[in-house]
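To start, the structure itself, in C-alpha cells.
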Amino acid sequence: MTRANHRDRTRASPALIWTALTAVYVIWGTTYLAIRVSNETLPPLIAAGFRFLVAGLVLYAVTVRRGDVEGDRPTRQNWIAAGIVGAGLVAGGNGLVVLAERTVPSGTISLIIALVPLWMALVDRVLLRHEVGWLTTIGLVMGFGGAALLIGGTAFDGYAPLSGLLVGVVASMSWTAASLYSRNAPLPKRPLVGAGMEMLIGGLILVVAGVARGEIALIRFEDFSMESLLALGYLITIGSWVGYTSYVWLLRNARTSLVSTYAYVNPVVAVFLGWLILDETITLRTFIAGAIVVVGVAIIISTGRPERSEESGDDLPEREEAVA
C-alpha cells in the first residue's frame with residue numbers, strides 16, 4: 001500500500017463516521033446485558049466463539065466477493081494481521097469480558113472497559129510519543145470520572161471476586177493493544193473483509209479455549225433457555241455484524257480519541273434503556289454523571305475533525321511492510 005493510497009483511505013465522510021459511531025454508541029450499550037443473559041444457560045467461551053464464527057463466516061463469504069476482488073485478495077500477511085487483531089479484540093477483549101461477567105456485575109465490567117481510552121492515550125503518549133492535547137486529556141478524565149460516578153453507586157455493591165476484576169482489566173488492555181495495532185496493520189483494504197477474517201480467527205480461538213476450559217460438559221441443549229438463545233442471536237446479528245464492523249471501520253477512518261468515546265457513552269445508553277424498558281429510576285446522581293460524560297465527549301469531539309488525517313498527528317507511524 002502506498003502512502004497516497006493510505007491518505008485516500010482515511011478521507012471518510014463525516015456523515016458516515018457519525019453514523020458508525022452512533023451505531024457503536026447504541027449497540028454496544030446493550031451488549032453487556034445480552035452477554036449476561038447468554039451466560040445464564042450457555043457455556044461462555046464456546047457460545048462467544050460460536051457467535052463470532054457464525055458472524056465472521058457469513059460476513060467474509062458475502063464481502064470477499066464484492067469490491068476490488070482481484071486487487072485485494074486476502075494474502076498470508078493479511079491473515080496473520082487479522083489473526084493478531086482477532087486474538088486481541090475478539091478473543092482477548094470480548095472473550096475475557098464474557099468470562100469476567102460470570103462473577104462480576106456487568107456495570108462493573110463496563111466501567112473497567114471505560115479504561116480503554118485512557119490506555120490508548122497512555123500508549124500514544126508514553127510508547128509512541130504522540131502529543132495528547134490538554135483539552136483531549138480533560139475530556140478523557142471527565143469521561144472516565146462521569147462513567148465512574150454513573151455506576152459507582154451500585155457497581156461495587158456486594159462481593160466481586162478480585163480474579164474477575166483482573167480479567168476485566170486484562171480485557172481492556174487487550175482491546176486497546178489490538179485496536180492501536182489494527183489502525184496500520186497490513187489488513188485487506190476492504191474493512192468488512194478484514195472484520196470477517198478477524199471474527200473467524202478470534203471465534204476459533206474462543207472455541208478452542210472453551211474446550212480446553214472443559215465447557216463441553218456444560219453443553220446441555222435441554223437446559224438452554226430461549227432468553228439465552230435470543231441474546232446470542234442478538235449478539236451475532238446486531239452486536240457483531242453492525243456493532244463490531246462499525247468499530248473496525250471507525251478505527252481506520254476516525255480519530256482515536258473520538259472512537260474511544262464509546263466507552264463513556266455505553267454506560268449512559270445502558271442506564272437510559274433500563275429506564276425506558278425496565279422502568280428503572282434515574283436519580284440525581286445518574287443525571288449529573290450523564291451530564292459529565294456528555295460534556296467530556298463534547299470536549300474530545302471539539303479538539304479536531306472527526307476524520308483521521310496525517311496532518312493532525314492522530315495516525316500512528318506507518319509500518320515499513322505496509323509501504324510498498
FRET efficiency estimate (nearest 0.05) - Cβ-Cβ, residue 291 to residue 13, R0 22 angstrom: 0.15
Tensor-based shape of region 156-228 (alpha-carbon gyration tensor, a/c under 1.5 rounded, otherwise prolate or oblate): oblate
By average C-beta atoms within 10 angstrom, highest first, the peptides 220-230, 17-27, 177-187: 177-187, 17-27, 220-230
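If R₀ is 25 angstrom, what is the calculated FRET efficiency for the pair residue 75 and residue 298, using the beta carbon separation as r and rounding to 0.05? Present the calculation step by step, with values, prior to reporting the outcome.
Numbers: r = 42 Å, r/R0 = 1.66.
The formula returns an efficiency of 0.05 here.
As a footprinting exposure proxy, order 65, 102 by other Cβ within 10 Å, with the fewest listed first.
Working: 65 9, 102 13.
Final ranking by Cβ density, sparse to dense: 65, 102.
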Rounded if a/c under 1.5, otherwise prolate or oblate - region 193-263, Cα gyration tensor axes: prolate
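Suppose a student asked you for the relative contact order of region 28-136, using Cα pairs under 8 Å spaced at least 6 residues apart; what percent would you report?
Values: 29 pairs, mean separation 42.1, N = 109.
So the answer I get is 39 percent.
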Neighbour net charge for residue 44 - beta-carbon separation under 12 angstrom, K R +1, D E -1: +1
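None of the figures in this text is laboratory data; all of them are computed from the coordinates on show. What you see is a predicted model, and the numbers here were worked out from it, not measured in a lab. Backbone-built Cβ (ideal geometry, glycine too); neighbour counts: all protein chains shown.
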